[in-house]
Amino acid sequence: MKLLYIFNGTPSLLLFAGFCILYSCTSPSEITIRLDTGWMFREAGAENAYPATVPGCVHTDLMAALLIPDPFFGCNEKDVQWVERKSWEYFTEFEMDDHFPGHDWIDLCFEGLDTHARVYLNDSLVLEAGNMFREWHIASKDILVRGKNTLRVVFESAVIYDSLSAMKAAVRYPDDLAFSRKAPYHYGWDWGPRLVTSGIWKPVFVEGWKTLKLDDVQVFTIQTLDKTASMKAQLTVLASENTECSIRIMDNKSGKTYYQGKTDLQKGENTIPVLFDIDDPKLWWTNGLGDPHLYELEISAGALNRKSSKTVRTGIRSLELVQEPDSVGRSFFFRLNGKPVFMKGANYIPQDNFPARVSAENYRLTIESAKSANMNMLRVWGGGIYENDIFYDLCDENGILIWQDFMFACNLYPGDEPFLENVKQEAINNILRLRNHPSLAVWCGNNEVDEGWHNWGWQKQLNYSAEDSTAVWQDYLDIFEALLPGLVSEYDPGRPYWPSSPMTGWGHESAMLEGDMHYWGVWWGAEPFEVYENKVGRFMSEYGFQAFPSGFTLDKMLNPEDRRPGSEALLAHQKHPRGMQLIQEYMEREYRVPGDFNQYAYVSRLVQAYGITKAVEAHRRAMPVCMGTLYWQLNDCWPVISWSGMDYYGQWKALHYFIRKAYSQVILSFEKKGDIISLYYVSDKTAETDAELKWQMMGFSGNIISEGGSVLTLEALTSGKIESWNMAEMTDPGSTLLYAYLLQGGEVVAEKIHYFDLPKNLKLPDAEVKMNIRQSENVCLIELWSENLAKNVFLEPTETDGFLSDNYFDLLPGKTKIIRFVSGGNKCPEINSFRIMTLNDTY
């Protein structure tokens, strides 16, 4: 195995001169060997072994060895189910040379083992692991040898472990997966496949240190005044002996030293609080409100010519979850740097069923897509994983707050001491890892466990006695009302904790008065989209609707002959038991149902965008009573028909384009009540602004029926009604639209079209969309024009992959629309390399 030696996270020679300047020619105290090459794997007990990728998992290794087909394609998922019931063995060899023997402490470190694993170092059993979400550090100085060392990891089947545990348990649980601390979505969900994998899913390395090690640092803001931010750094330093230690805190960008001093270390673990000030602080703001400024601090500890350091990026900000009695019930909103912020975002799930293969580029594109859609919050859902550091780094950089669930979802859990201790260490690991991120807004205990207990009939389904119910509910309280909030308070004081999302089920009136709300009357309850306008809670943290993925993604997951409704392969990528039925039902209510498969997929995406936009606008119009909207869901973990706005390959559905407009800082929104059509503005800006409103009522061929306008003031952080029309005497609603737009400084800052009838009843004319493409610097500008209304114009590149700044839009008669197309090519594609589809074409 080729070894890469890392000193304090940086190749050794690069920093040595800097150490001499700062610490009178000190040496790094730590050294690391990455163990990421030379791995082999096999079924436990088998002879034949195959190359393995670490980090990785057994499914991707089996695919690379051509032992299983790609489970994401066609019906292949069902053909790989045997993998979950096998045990798997990974092994490698590595060399230890003279760099290590002189170190005081040497650990073998696993950042993640999925899940039930026995680790053998030089044939000695050194670890029995049972938690995918924990880090493992194994004292190994007395086991490692100079020269060749062997490392072997044996993974037992989580499915078999769960089954055996269930047989021994005093009570049944809704799902046996409760016993394994493993990503619940691996077992399948109503948007994801069942692929219960295993493997070394995060980095593995050997780490040694001498004299001292800066083991952990927490940096947080105590108080921010106009000219100064009072800061605190809490250092955890390990020492091999009693000694004096030098501490330094420096800004990596400016070179400014914020603190320099000395303290005494005792042998063992030392906690060192350091207070320092940052003058003229730049605050961290969410996307849309300001710059998410980050300070990059180099924090160093030195003793006996040894130095240990960490780089911590921090944002100076205050953040509160405000829950106070009010005229409606009890508020639920976030206050950032003293200002209330309406949260606009989505629920985020892991980007792949095999998370080790999600690339840095995948993370970047996902977070950039969220930012581009004007989001300022993502909820990391509790049925997935605690995400990798890069995810939170990107959210820090882009001003996107994180609602962070602990990894518990839609199930009940044991409460025995070993299980609680396992959960405790999992929570500590992840709190310590994530607490420095300014993007981290709130810790939440679980997803829908409280609601499941009170509303889903578990007690009856599982035949619980009164004693069983008392014991199981006490286990719930022990984890989510005692253990987890206690750990957050101890290790991340000041960060809010919320026990369960939601705390009240959507069938109860009180759900709209306090806390967060998951509203599934639409979709699960088959209620019409109009219900969204009435069922508005204080913070809408889940609601959603399904749609087909893009044509590009359908091609990736299906053979051409399977691109038809009802094909076995298509249905294998629809995981909701009523999914196809509900898509059809809602489409029939709102739209005409096309017979062509491609048009059907296109209209399904319009139905999704139509419904969810209706919900979002209702939530935003209800500000400040409602102060957050997070739809289900941002992304997918495989190619699938699902609730996502972006599919597995990062293709934006109509929903993501619609959300981009609905989440703009200033929007216009229509509301219909009887014959009255009202126009509202919503502003997320922190100061009031002046604007000019203009509106036109027109026919689908561009004939103006009436028009008007006014000058108005948009108040900050609120919504307001600005115009109303009585349409009782309207004679031709199916051929008329109302177009309103806001101007500031001559620029259109918000616009909205209202139709007076359902899409299926519109008398859409024939529309020929004309297109021209021209180059402007590195961007292709696409100009589109139509003599008649062209509804929901969809451009699909057929030869060059790229990004369109707008899509699925309405092209008003006689008006030119310009959109940007960005691709990796040096010149613009030809006009005939785009397919154009409109809703008019489906009629």
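For the range 489-646, place one equal point scatterer on every Cα, skip the solvent, and apply the Debye formula. What is log10 of I(q)/I(0) at q = 0.10 Å⁻¹? At q = 0.10 Å⁻¹ the computed log10 ratios are -0.42.
A straight line joining the Cα centroids of the range 356-395 and the range 809-841 runs 29 Å. Treating the range 33-150 as a set of equal point scatterers at the Cα positions, no solvent, please give the Debye-formula log₁₀ I(q)/I(0) at q = 0.12, 0.16, 0.19 Å⁻¹. The computed values of log10 I(q)/I(0) come out as -0.52, -0.85, -1.13.
What shape does the range 580-652 have by the C-alpha gyration tensor, where a ≥ b ≥ c are the square roots of the eigenvalues, rounded means a/c under 1.5, and otherwise prolate means a/b greater than b/c and oblate the rest?
Note, shape of the range 580-652 comes out oblate.
Between Glu481 and Asp264, the C-beta separation translates, for a Förster distance of 45 Å, into a calculated FRET efficiency of about 0.65.
Annotation for the range 286-342 versus the range 509-573: alpha-carbon center distance of 33 Å. Taking the protein heavy atoms of the range 129-177 in the context of the full set of protein chains, the accessible area attributed to carbon and sulfur is 51 percent at 1.4 Å. Rounded to the nearest 10 degrees, the inclination of helix 417-434 to the longest alpha-carbon principal axis of the chain is 70 degrees.
Over the range 486-526, the reciprocal of the mean inverse Cα-Cα separation, the Kirkwood hydrodynamic radius, stands at 12.1 Å. The charge dipole of the chain, taken about the Cα centre with unit charges on the Cβ atoms of Lys, Arg (+1) and Asp, Glu (-1), comes to about 980 debye, rounded to the nearest 20. For the range 428-487, taking Cα atoms only, Rg and Dmax work out to 15.1, 46 Å respectively. The Leu67 and Asp190 beta-carbon pair, evaluated with R₀ = 35 Å, returns a calculated FRET efficiency of approximately 0.75. The Cα atoms of the range 333-409 cover 40, 28, 18 Å along the three principal axes, with the biggest extent listed first. In this structure, the amide hydrogen of Ser642, modeled 1.01 Å from its nitrogen in the peptide plane, lies closer than 5 angstrom to those of Ala547, counting only residues at least 5 positions away or on a different chain.
Kirkwood analysis of the Cα pair distances in the range 404-447 returns a hydrodynamic radius of 11.6 Å. Comparing the range 215-270 with the 2.2 N^0.38 Å rule of thumb, its C-alpha radius of gyration ratio is 1.35 (two decimals).
Of the solvent-accessible surface of the range 543-639, computed with a 1.4 Å probe and all protein chains present, 50% belongs to carbon and sulfur. For q values of 0.14, 0.17, 0.28 Å⁻¹, compute log₁₀ I(q)/I(0) with the Debye formula on a Cα-only model of the range 679-742, without solvent. Log10 I(q)/I(0), no solvent term: -0.50, -0.67, -1.21. One Cα centroid belongs to the range 746-807, the other to the range 642-714; the line between them spans 16 Å.
Extension gain, Glu783-Ser124: 0.36 nm per intervening residue step, less the Cα-Cα distance, totals 230.4 nm. If one takes the longest principal axis of the Cα atoms in the chain, at what angle in degrees, from 0 to 90 and to the nearest 10, does the Cα axis of helix 579-590 lie? Its long axis makes an angle of about 30 degrees. Gain on full extension, evaluated as 0.36 nm per residue between Lys78 and Val328 minus their Cα-Cα distance, stands at 85.0 nm. Protein heavy-atom surface of the range 232-340, 1.4 angstrom probe: 41% of the accessible area is carbon and sulfur, with nucleic acids and ligands not counted. Rolling a 1.4 Å probe over the heavy atoms of the protein chains gives the chain an accessible area of 39 Å² per residue.
The alpha-carbon atoms of the range 735-843 define a convex hull whose volume equals 114 cubic angstrom per residue.
If one computes P(r) from the Cα atoms of the chain, what percent of pairs lie at distances over 49 Å?
24
Percent of Cα pairs in the range 761-821 per distance bin of 10 Å, from zero to the largest separation: 21, 52, 23, 4, 0. Note on Asn48 and Asp806: the model spin-label points, each 7 Å out from Cα along the C-beta direction, lie 5.7 nm apart. Charge tally for Tyr657 (other residues, Cβ to Cβ under 11 Å; Lys, Arg +1; Asp, Glu -1): +3. Rounded to the nearest 10 degrees, the angle from helix 466-477 to the longest Cα principal axis of the chain is 80 degrees. Projection of the Cα convex hull of the range 637-755, averaged over all directions and equal to a quarter of that hull's surface, yields 10.0 nm². Under conditions of 10 °C and 1.306 mPa s, the range 113-170 yields 122 µm² s⁻¹ as its translational diffusion coefficient, taking Rh as the Kirkwood radius over Cα pairs in the Stokes-Einstein equation. Calculation over all alpha carbon pairs of the range 250-343 in 10 angstrom steps from 0 returns a P(r) of 12, 32, 25, 19, 10, 2, 0 percent. Over the residues of the chain, the helix contribution to mean residue ellipticity at 222 nm works out to -5500 deg cm²/dmol, using -39500 (n - 2.57) for each DSSP H run of at least 4.
The values are calculated or read from the model by the stated rules, or taken from the named source; none is laboratory data. This structure is a prediction, so every number in the text was calculated from the model and none was measured. Positions of Cβ are generated from backbone atoms using ideal geometry, with glycine treated the same way; all protein chains shown enter the neighbour counts. Keep in mind that these areas ignore ligands, DNA and RNA; they rest on the heavy atoms of the full protein, side chains included. Shrake-Rupley method; radii C 1.70, N 1.55, O 1.52, S 1.80 Å.
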